[in-house]
């Protein structure tokens, strides 16, 4: 049985705090099977920088979020606490609502772990700590394992790449991301768990030529490993800074991630 605690603390301050995994025996698969978990990793467009608007305050009681203390709360933007002064609407909540609609007997559990301004190399297993957030990969594994006490990992959502758009990094991205995916699947004992990545925003063909090249490479992701897909961010507006998607764009991107995830799950 899930005990829900609505947070009244508003936006939580960094750094993340990670409690130890529960010491009691894990619940049986039958008990966990209808609690579907999704790990959210990457950088700022996964964390969410959109303005929170009235429609973002509408909750779905079947869409939960693992907060920074490791407790399940009803999901509401902002999900992430990586940079409280910037935290806002992301793609995760809309994704969760779409997945809940597609699985009416399930509860959806979101595990937010994205940190803005990070590279794929900083997400490697064993990479050094990143500021106040510590080791990104190890922290994500710890949070996911806490969540797995209650549910079953159904998918991983990844949005990252603005920090890896140089020619050399694009060429190495397949190897680096494949290593991240392989390690997540191994360490979370979730072989072939679906993995969906999203393309970067390209709003100026000249200024964003490197992002375009990155996206062209990322489009090949389904050939890099099994159960991989790409959510296309084409046509989504930015928030005015030419880097971060706006609120409406992130909500739509969440729906596109959900569509890609559902296709991998069926």
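Kindly establish whether residue 91 is in contact with a strand residue (DSSP E or B) (Cβ under 6 Å, 6 or more places away or on another chain) and within 27 Å of residue 57 (Cα to Cα). Answer is no for this residue.
Among the residues making up the range 177-197, those that are in a helix (DSSP H, G or I) and either farther than 17 Å from residue 219 by Cβ or within 16 Å of the chain's Cα centre (by Cα) (or both) are 177, 179, 180, 181, 182, 183, 184, 185, 186, 187.
Buried (at least 18 other Cβ atoms within 10 Å of the Cβ), modelled with pLDDT of 95 or more, within 14 Å of the chain's Cα centre (by Cα) and within 23 Å of residue 184 (Cα to Cα): does that describe residue 96? For residue 96, the condition - buried (at least 18 other Cβ atoms within 10 Å of the Cβ), modelled with pLDDT of 95 or more, within 14 Å of the chain's Cα centre (by Cα) and within 23 Å of residue 184 (Cα to Cα) - is met.
Inspect the range 68-82 for any residue being under 27 Å from residue 201 (Cα atoms) and in a strand (DSSP E or B) and give the result as yes or no. So that I can check it myself, show each step before the final result.
Step one: list which residues in the range 68-82 are under 27 Å from residue 201 (Cα atoms), which gives 75-82.
Narrowing the set further to residues that are in a strand (DSSP E or B) leaves none.
The answer is no; no qualifying residue exists.
Report whether or not residue 86 is without any contact (Cβ under 8 Å) to a residue 40 or more places away in the chain, out of contact with any strand residue (DSSP E or B) (no Cβ under 6 Å at 6 or more places or on another chain) and either surrounded by fewer than 24 Cβ atoms within 10 Å (Cβ to Cβ) or assigned to a strand (DSSP E or B) (or both). No: the conditions fail for residue 86.
For the residues 86, 46, the requirement of being more than 14 Å from the chain's Cα centre (by Cα) and under 30 Å from residue 163 (Cβ atoms) singles out 86. Please indicate, with yes or no, whether at least one residue in the range 190-205 is without any contact (Cβ under 8 Å) to a residue 12 or more places away in the chain and under 26 Å from residue 238 (Cα atoms). Yes - at least one qualifying residue is present in the range 190-205. Of the conditions (1) modelled with pLDDT of 90 or more; (2) in contact with a helix residue (DSSP H, G or I) (Cβ under 8 Å, 6 or more places away or on another chain); (3) within 19 Å of residue 140 (Cβ to Cβ), residue 87 fails just one. Which one is it? It fails just one condition, (1).
What is the residue count in the range 137-157 for residues that are assigned to a helix (DSSP H, G or I) and in contact (Cβ under 8 Å) with a residue 60 or more places away in the chain? Quick ask: steps written out before the conclusion?
Going through the range 137-157, the residues assigned to a helix (DSSP H, G or I) turn out to be 137-148.
Of the ones still in play, those that are also in contact (Cβ under 8 Å) with a residue 60 or more places away in the chain are 139-140, 142-148.
Number satisfying all stated conditions: 9.
Looking only at the range 231-266, count every residue that is closer than 21 Å to residue 170 by Cα, in contact with a helix residue (DSSP H, G or I) (Cβ under 8 Å, 6 or more places away or on another chain) and surrounded by fewer than 19 Cβ atoms within 10 Å (Cβ to Cβ) and tell me the total. Qualifying residue count, the range 231-266: 2.
Kindly evaluate residue 121 against the criterion of being farther than 24 Å from residue 58 by Cβ and either crowded, with 24+ Cβ neighbours inside 10 Å or free of Cβ contacts under 8 Å to residues at least 24 places away in the same chain (or both).
no
In the set (1) farther than 29 Å from residue 142 by Cα; (2) crowded, with 18+ Cβ neighbours inside 10 Å; (3) in contact with a strand residue (DSSP E or B) (Cβ under 8 Å, 6 or more places away or on another chain), the condition left unmet by residue 214 is number (3). Each residue in the range 206-227 was checked for being free of Cβ contacts under 8 Å to residues at least 12 places away in the same chain and assigned to a helix (DSSP H, G or I), and 5 pass.
The values are calculated or read from the model by the stated rules, or taken from the named source; none is laboratory data. On a predicted model such as this, the values are computed, not experimentally measured, just so you know. All Cβ positions, glycine included, derive from the backbone under ideal geometry; neighbour counts span all protein chains shown.
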